[in-house]
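One structure below.
The values are calculated or read from the model by the stated rules, or taken from the named source; none is laboratory data. Quick caveat: nothing in here was measured; it's all calculated off a predicted structure. Ideal geometry is used to build each Cβ from the backbone, glycine not excepted, and the neighbour counts take in all protein chains shown.
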Amino acid sequence: MTDKKATLKVDGHEAIELPVSTPTLGQEVVNVSPLAAKGLFTFDPGFQSTASCESTITYIDGGKGQLLHRGYSIEELASKSDYMEVCYLLLNGELPNAEQKDAFISQVKAEAAVPEQLEAVFQGFQRDAHPMGMLMAAISALSTHYHESIDINDAASRKDTAIKLVAKLPTLSAMCYKHSKGEGFVAPDSQLSHAENFLNMLFGSNGAKREISPVVAQAMDRIFILHADHEQNASTSTVRMAGSSGTNPYAAIAAGVGTLWGPAHGGANEAVLKMLDEIGDVSNIETFIAKAKDKNDPFKLMGFGHRVYKNYDPRASVMRESCHQVLGELGINDPKLELAMKLEEIALNDDYFVERKLFPNVDFYSGIVLSALGIPTSMFTVIFALSRTVGWIAHWDEMLSHPYRIARPRQLYTNYDKRKFVAVDDR
């Protein structure tokens, strides 16, 4: 923070001095909150120029291609850490020591099971129901089990809720998949790591563990890490906004899931696979590359470039490594994956893409990895949601840890002035 001021001059109003805040990293922020008392407010569609909160969790510099969690780069976290450690970091502000990490993992494993009544909830869904719809409903159902016991004004209660959510989301996500397959649910296995347990609940069966390659487990763990938090995106802002009303945290997280479900937000890696289906074969690549370069053609290469990152997506380099490791480990001979690798080669070397910095992003590689593991595209956003839950709940906890107000955006009204009502027979 500094003592800097900005002066705003509006016709018909006295000059207004606004405080300017200086963050640890990033651009200076003009505090416009005093405007309301002066009868003014700002117009910022999509909140592109508005800082809705002060946060210490995640920082993104799109120009530099930088993503930091509590000051640690995503590249280091994804290559040297694991998801449980990153969860602890996001929730507690610091990386754990060995004892703290072991205790945290034990707490998460102890909460992985879900109330058995949830099985009946799933039986109410059609087999072809979208997994995101099932997940949102299942999280909402959890709120009925954990309502009276939650005190959102108590830090210990919030931490307990955070652990429950981190622990139960993989279980609920796997239940969505198993229900769609018409298969029995698989109970969590405390002998397995977080990623191994999730994969076993997806592909195993009770009484018969699924053999999981360390390479595959590491790739899944990295997918969890790389999607754990991404600053004030649409779903995180939704969770904060819902949470500002004092609602049950499970309801707030369900709202986040609903927002993430939108194809403009969480469906990017699913869109990559649909694009590969549209291209169809390696022999068609040149045609579709030409279409992508034609500004008058609606076709777009999905999974290339990023709205936030104007340089290389820092998450992509780590996911690229895992992608190639998984494909090598599994020895898959899939024309779709061959097509994806050819597209990657072109994007990294073609002057058109290089000059415009349209590099493959994390969604490109994560979609390929998930497809290689045999996970259907309808489950991709579910895996995104279970990964992002820790970020959502960290932001929810941060908001409630400080003085806050219920979110109440304003609007620019552009319709009629007050009109006189006319009875229906006189209209």
Would you tally the residues in the range 7-26 being surrounded by 10 or more Cβ atoms within 10 Å (Cβ to Cβ) and under 25 Å from Gly71 (Cβ atoms)?
6
When Ser283 is evaluated against the numbered criteria (1) among the small types (Gly, Ala, Ser); (2) buried (at least 21 other Cβ atoms within 10 Å of the Cβ); (3) without any contact (Cβ under 8 Å) to a residue 24 or more places away in the chain, which criterion, by number, is the only one it fails?
(2)
Pairs, first at positive phi in the range 73-97, second modelled with pLDDT of 95 or more and of a type in the set (Lys, Arg), C-beta under 8 Å, six or more apart:
Gly93/Arg70
Single condition Phe43 does not satisfy, out of (1) assigned to a helix (DSSP H, G or I); (2) not assigned by TED's automatic domain parsing to the domain that holds Ser193:
(1)
Answer yes or no as to whether Gly62 is among the small types (Gly, Ala, Ser), touching a Phe, Trp or Tyr at 6+ places or on another chain (Cβ under 6 Å) and within 21 Å of Ser235 (Cβ to Cβ).
yes
From the list Phe224, Phe198, Phe185, exactly one residue is assigned by TED's automatic domain parsing to the domain that holds Arg388, under 30 Å from Ala51 (Cα atoms) and of a type in the set (Phe, Trp, Tyr). Which is it?
Phe224
Of the residues Ser190, Ser143, Ser173, Ser157, which is within 22 Å of Gly243 (Cα to Cα), touching a helix residue (DSSP H, G or I) at 6+ places or on another chain (Cβ under 6 Å) and assigned by TED's automatic domain parsing to the domain that holds Asn92?
Ser143
Which residue pairs have Cβ atoms under 9 Å apart, sit 6 or more places apart or on different chains, and have a first residue in the range 102-129 that is in contact (Cβ under 8 Å) with a residue 40 or more places away in the chain and in a loop (DSSP other than H, G, I, E, B) and a second that is loosely packed, with under 10 Cβ neighbours inside 10 Å and of a type outside the set (Phe, Trp, Tyr)?
Arg127/Gly182
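Scan the range 33-44 and tell me whether some residue there is farther than 18 Å from Arg222 by Cβ, among the acidic types (Asp, Glu), surrounded by fewer than 16 Cβ atoms within 10 Å (Cβ to Cβ) and touching a strand residue (DSSP E or B) at 6+ places or on another chain (Cβ under 6 Å). Break it down stepwise before answering.
Residues of the range 33-44 that are farther than 18 Å from Arg222 by Cβ, as a first pass: 33-44.
With among the acidic types (Asp, Glu) added as a condition, the list becomes 44.
Next, from what is left, pick out any that are surrounded by fewer than 16 Cβ atoms within 10 Å (Cβ to Cβ): 44.
Adding the requirement that they be touching a strand residue (DSSP E or B) at 6+ places or on another chain (Cβ under 6 Å) leaves none.
Within the range 33-44, not a single residue is farther than 18 Å from Arg222 by Cβ, among the acidic types (Asp, Glu), surrounded by fewer than 16 Cβ atoms within 10 Å (Cβ to Cβ) and touching a strand residue (DSSP E or B) at 6+ places or on another chain (Cβ under 6 Å).
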Conditions first: (1) loosely packed, with under 14 Cβ neighbours inside 10 Å; (2) within 30 Å of Asn153 (Cα to Cα); (3) touching a residue at least 60 places away in the same chain (Cβ under 8 Å). Trp396 passes all but one, so which condition is the exception?
(1)
Which of the numbered conditions does Ile152 fail, given that it passes all the others? Conditions: (1) surrounded by fewer than 22 Cβ atoms within 10 Å (Cβ to Cβ); (2) not in a loop (DSSP other than H, G, I, E, B).
(2)
Residues being in contact (Cβ under 8 Å) with a residue 60 or more places away in the chain and either in contact with a Lys or Arg (Cβ under 6 Å, 6 or more places away or on another chain) or assigned to a helix (DSSP H, G or I) (or both) - total across the range 188-198:
5
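Looking at Gly182, Gly243 in this structure, which one is touching a residue at least 24 places away in the same chain (Cβ under 8 Å) and under 30 Å from Arg408 (Cβ atoms)? So that I can check it myself, show each step before the final result.
Numbers: Gly182 fails: under 30 Å from Arg408 (Cβ atoms).
Only one candidate qualifies: Gly243.
Among residues belonging to the range 249-269 that are within 30 Å of Asp154 (Cβ to Cβ) and among the aliphatic types (A, V, I, L, M), point out the one that is surrounded by the fewest Cβ atoms within 10 Å (Cβ to Cβ).
Of the residues in the range 249-269, the ones within 30 Å of Asp154 (Cβ to Cβ) are 249-260.
Applying the additional criterion that residues be among the aliphatic types (A, V, I, L, M) yields 251-255, 257, 260.
Numbers: Ala251: 18, Ala252: 26, Ile253: 29, Ala254: 23, Ala255: 21, Val257: 29, Leu260: 27.
Selected residue: Ala251.
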Among the residues of the range 286-300, write down those that are without any contact (Cβ under 8 Å) to a residue 12 or more places away in the chain and either closer than 30 Å to Ala242 by Cβ or not in a loop (DSSP other than H, G, I, E, B) (or both).
Glu286, Thr287, Ala290, Lys291, Ala292
Do you know which of the residues in the range 174-187 that are out of contact with any Phe, Trp or Tyr (no Cβ under 7 Å at 6 or more places or on another chain) and assigned to a helix (DSSP H, G or I) is surrounded by the most Cβ atoms within 10 Å (Cβ to Cβ)?
Cys176
For helices (runs of 4 or more DSSP H) lying entirely in the range 312-385, having 3 or more residues that are assigned by TED's automatic domain parsing to the domain that holds Ile279, surrounded by 15 or more Cβ atoms within 10 Å (Cβ to Cβ) and at pLDDT 85 or above picks out 314-330, 362-372
